[in-house]
1. Under a point spin-label approximation (7 Å from Cα along Cα-to-Cβ), what is the L355-A390 distance to one decimal in nm?
2. With a 10 Å radius around each residue's Cβ, average the other Cβ atoms per peptide and rank 410-422, 268-280, highest first.
3. Could you pull out the pairs from K168/K349; K168/K286; K322/K416; K286/K349 whose alpha carbons sit more than 31 Å apart here?
4. Quick one: grab the alpha carbon gyration tensor of region 152-420, order the square roots of its eigenvalues as a ≥ b ≥ c, and give me rounded if a/c is under 1.5, else prolate or oblate depending on whether a/b is larger than b/c.
5. At most 12 other Cβ atoms within 10 Å and a DSSP loop assignment: could you name the GluC sites (Glu not before Pro) in region 307-398 that fit?
6. Could you pull out every residue, at least 5 positions away or on a different chain, whose amide H is within less than 5 Å of the one on I219? Hs are placed 1.01 Å off N in the peptide plane, and Pro or chain starts have none.
7. Tell me which residues come under 5 Å, amide H to amide H, from K188 once H is placed; ignore anything under 5 positions away on its chain.
Amino acid sequence: MANGSFKPQGHAFGGSDTRVLIAGWIASMALVAMVAVLVTAYFSGGGDSRSPVADGQAPSTVAEQSSDSSQPRPDAGMTRQETADSETVVKSSPDTRIETGAAGDKSVAASESASAPDESGVARKPEDTSGKTPFMPGVKLAGAQGLVPMPSAFARSAPSESVAGWCKELVAHVDAVSTDDCMTGAFKDTGHRSVDGRPMIVGDIPATSRPAQGRVLLISATHGDEPSSIATAFSWIKLMASNGTNYEWNVVPTLNPDGALHSPATRVNANGVDLNRNLPTTGWAKESRDYWRRVGFEKRRFPGESAGSEPENRWLADEIGKFKPNVIISLHAPYGVLDYDGEFPPPQKLGRLNLHRLGVYPGSLGNFASHMRGIPVITVELNDANEPPAEAEVQQMWADLNNWLDRYFRNVRQAKVNTSNDAG
Ligand SMILES: [Zn+2]
C-alpha cells in the first residue's frame, strides 16, 4: 500500500499519525477490558454474593453455596419453583440446615396460616399442602427468622438399631405413623426393656424458646389397644417441630410396647397386667384387690400381683423421677372425655373433648403422679381407639392444650414471685 494513499475521510492526518492513533485506541480498549474483567471478578468472587443469586439468575452459584454441593441440582426454572416453597427445598436437600431470606419468610407465613385457627375454631388449610407437610428433622420454622436449625437433640441423626427395629414394628401396626415420622432422630432407646424385651423409647424434644418454660411428659399407648393415642402423639410432635414449643417435652409413644406391637394389640402388657392399675400408689395392696373384685376380675383390668411389679411401670416411675415433669399428659381412648387430676383449675375442653373428671383408681397414673407427687395429670380420652382425630381436631386440641399450659406456667411463675415477695 502506497504511503499516504489512505486518508480518513474528513481528517487531515497523515499515514503515520493514523497508525499511532489506532495503536493508542487499541491499547486504551485493552486497558478498559482488563479493568472490566477485574471488577467483574471482584464482585462475583465475594464482594457482594447476594446480587446475582437473589434474582435467580445464577442457579449454579446457588447450588455451590448450598451445604451439599454433591447433590445434583435441578435446572434454573425448577430452582425458582422450589425457592417459592421452602418445604420442597428442605425435602429435596435434607442436609440443608439453614435457609434464609425471602423463601424462609414465605414458608413461615404459610406455616402460620396453616396452623392458626380461624374464628370458628377450625384450622385453616392453605390449598392442600398441610396433609403432605413433611416432618422436617433438623429444621424448624420460627417467627420472622425463617428456617433456623433445631437444637441438636432434634436434629437428624441415625437412629440406633433398637430404635429402628421399634419404628419398623410401630409403622406396621399404626397406619397413621410413617417411617419418616419415626426415624427422625428425636427418639432414643433408654436402655430399659419391656417384659418381652422391647425398648422403652423416649422422644426428647427441647423447647424452641429460651429458657424452656416447663417440662411436660406426654405418654401414649399405656393401653396397647389404643393406637389412636400413638397417632395423636406423633401429630403433636409434628406441631412442636413446625410451630416451635415453649416447653421441653419427653414423649413416650409406647409405654406398653408389647401390648401395642402385638398382633392383635392388647390393653395389658405381656404379663397380662393393666399398667394403669399397677403403679405403686398408697394403699395399693388392699385397694387394688377391692377394685378388681368390683370389676368382676376382668382380665383386661388385672392390677398385677404387686404394686409396681411391671418393668414398664418401674421405668416410668424412674423417668418421672429423673425428668421431673411439671405436667403429665396421658393419651387414652375411647371414652371421648377430658379427665384431670390436679389442684390448678383444669382445662375445660381440648378440641371437642369436654372436661369430665373420672376420679382416680388404685395404681393409676393420676393417683401416682398427681395425688402422691403433686404433678397435674391431664388424661385425654379420645373418641375412637383406632381412628385418630381428624387433623383440624388434632390442631385444635393442641392449641387448647397449649393455652392451658401457658396459663398454668404463668400461674406457677406468679406464685413464685408472690412467695419471694412474702419472704422479703
Ligand atoms: Zn386406656
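1. That separation, rounded to one decimal, is 2.7 nm.
2. Ranked by mean Cβ neighbours within 10 Å, highest first: 268-280, 410-422.
3. Too far apart for the 31 Å limit: K168/K349; K168/K286; K286/K349.
4. rounded
5. Passing both the DSSP loop test and the Cβ count: E343.
6. V252, I329, S330, L331
7. V202, G203, D204
Values quoted throughout were computed directly from the atomic coordinates according to the rules given, and no laboratory measurement underlies them. Quick caveat, the model's predicted, so the values are computed rather than measured. Quick reminder, even Gly has a Cβ in these numbers, built from the backbone with ideal geometry, and neighbours come from all protein chains shown.
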